[in-house]
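The values are calculated or read from the model by the stated rules, or taken from the named source; none is laboratory data. Values in this document were obtained by computation on a predicted structure and should not be read as measured data. Reconstructed Cβ throughout: ideal geometry from the backbone, glycine too, with neighbour counts over all protein chains shown.
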Amino acid sequence: MRLCHYAVLAFLLAGAALVLAAQQPLQTHQPEPLTVDRDPVRSPDGEPPAPPALRKEGNGYVLRTEVDEVALNCTVLEGNQLVSDLKKENFQVFEDGVRQTLISFQHNDLPVSIALVVDNSGSMSRKRPSVNKSTLDLIQASNPEDEAFVVNFSDEAFIDQDFTSDVGKLREGLAHIEARGGTALYDAVVASADHLAAGAKRSKQVIILITDGEDNASTLNLEQTIRRVQKLSGPVIYSIGLLFGDEMTRAEMKQARNALQQLSTETGGIAFFPKNIEKVDQIAAEVARDIRNQYLLGYHSTKPATETAFRRVQVAAEGKGHGKLTVRTRTGYFPVARAAKKK
């Protein structure tokens with residue numbers, strides 16, 4: 001029946017619906033499915049488009065039209081201690097072995113867009129209360145201008161709370177626990193990276209990935225996942241692997257650990273493997289400190305944008321009064337060639 005043909009009936013039905021709605025409880029939350037974009041919009045050379053670049057202007061962030069600046073979020077350590085007193089001249093950046101000239105340098109607590117990507121498979125059911133608490137503690141210890149969204153995944157991934165700075169809404173999103181199914185970890189990471197690239201307000205982006213198992217349900221493999229994140233010049237991935245208990249064999253545990261380490265190392269993050277659930281809160285605090293104490297380095301590559309092969313990046317740092325310094329950043333990136341402007 002077409003409602004436009006029955007205007008009076010529609011009016012009466014609408015009134016009845018309002019009366020009934022007032023007598024009924026609110027509907028339960030319907031999460032938005034998050035899927036891997038199997039056929040992303042591509043540039044003329046066949047590569048996925050570059051994510052929008054943002055720069056700070058006043059109290060906000062605006063779109064930057066020049067996106068050929070390579071931006072590196074860098075954590076500097078002396079032993080296990082964060083180093084926070086370095087200047088631009090203390091850094092050297094190399095791309096494929098060739099030294100690059102730094103054109104920008106920041107060491108501020110910049111606001112971040114965060115994807116909270118949490119395993120919702122059956123084996124996580126007893127761990128989720130502690131995980132949720134630690135995750136919220138991390139958000140509350142971060143910059144108040146941060147934004148985050150919640151992805152719960154098993155064999156499918158769902159956005160249970162989209163971008164927000166409201167801790168209460170994030171708590172509600174994390175509370176939607178329906179522990180079931182397998183673990184499509186790689187698909188969840190790629191879909192979350194795509195969602196960050198498409199909708200994040202902050203140029204600095206992070207994925208916090210929490211899982212207790214190895215991937216067994218994704219359409220993508222580990223190599224494809226890392227490559228996709230690198231092609232997006234995508235987020236830093238911090239992994240927390242809850243690989244304890246009797247749910248996994250030693251071989252499965254080793255494979256899961258290696259995968260999480262690669263995801264984090266290749267993107268400039270770090271993987272943590274607590275021995276018990278009580279350690280997660282401490283790790284969450286460490287991740288929050290790491291995010292808030294990074295250096296942002298920028299340079300224009302000496303290579304032409306038409307050379308689209310993977311470019312390996314290395315960053316070194318030295319500082320007066322410091323011993324040997326270690327710099328953690330992404331291992332490299334895939335440049336995206338832009339089409340020539342039409343005259």
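Whether any residue in segment 224-247 is more than 19 Å from the chain's Cα centre (by Cα) and buried (at least 18 other Cβ atoms within 10 Å of the Cβ) is what I want to check. Show your work before the answer.
Initially, segment 224-247 is screened for residues more than 19 Å from the chain's Cα centre (by Cα), giving 243-247.
Now drop any that are not buried (at least 18 other Cβ atoms within 10 Å of the Cβ), which leaves 243.
There is at least one residue in segment 224-247 that is more than 19 Å from the chain's Cα centre (by Cα) and buried (at least 18 other Cβ atoms within 10 Å of the Cβ).
Count of segment 142-182 residues, restricted to those that are assigned to a strand (DSSP E or B) and either of a type in the set (A, V, I, L, M, F, W, C) or not assigned by TED's automatic domain parsing to the domain that holds GLY199 (or both), is 9. What about SER154, is it buried (at least 16 other Cβ atoms within 10 Å of the Cβ) and of a type in the set (Ser, Thr, Tyr)? Yes; evaluated as a whole, the condition is true for this residue.
Counting the residues of segment 215-265 that are touching a residue at least 24 places away in the same chain (Cβ under 8 Å), within 19 Å of PRO335 (Cα to Cα) and outside any loop (DSSP other than H, G, I, E, B) gives 9.
Only one of ALA179, ALA200 is touching a residue at least 40 places away in the same chain (Cβ under 8 Å) and more than 17 Å from ASN120 (Cβ to Cβ). Can you tell me which?
Details: ALA179 fails: more than 17 Å from ASN120 (Cβ to Cβ).
Within the list ALA179, ALA200, the selection yields ALA200.
Take the conditions in contact with a strand residue (DSSP E or B) (Cβ under 9 Å, 6 or more places away or on another chain), modelled with pLDDT under 95 and under 21 Å from GLU69 (Cα atoms) and apply them to GLN230. Does it pass?
Values: in contact with a strand residue (DSSP E or B) (Cβ under 9 Å, 6 or more places away or on another chain): yes; modelled with pLDDT under 95: yes; under 21 Å from GLU69 (Cα atoms): yes.
For GLN230, the condition - in contact with a strand residue (DSSP E or B) (Cβ under 9 Å, 6 or more places away or on another chain), modelled with pLDDT under 95 and under 21 Å from GLU69 (Cα atoms) - is met.
Looking at GLN92, GLN100, can you tell me which residue is surrounded by fewer than 17 Cβ atoms within 10 Å (Cβ to Cβ) and farther than 20 Å from THR183 by Cα?
Values: GLN100 fails: surrounded by fewer than 17 Cβ atoms within 10 Å (Cβ to Cβ).
When all the criteria are applied, what remains is GLN92.
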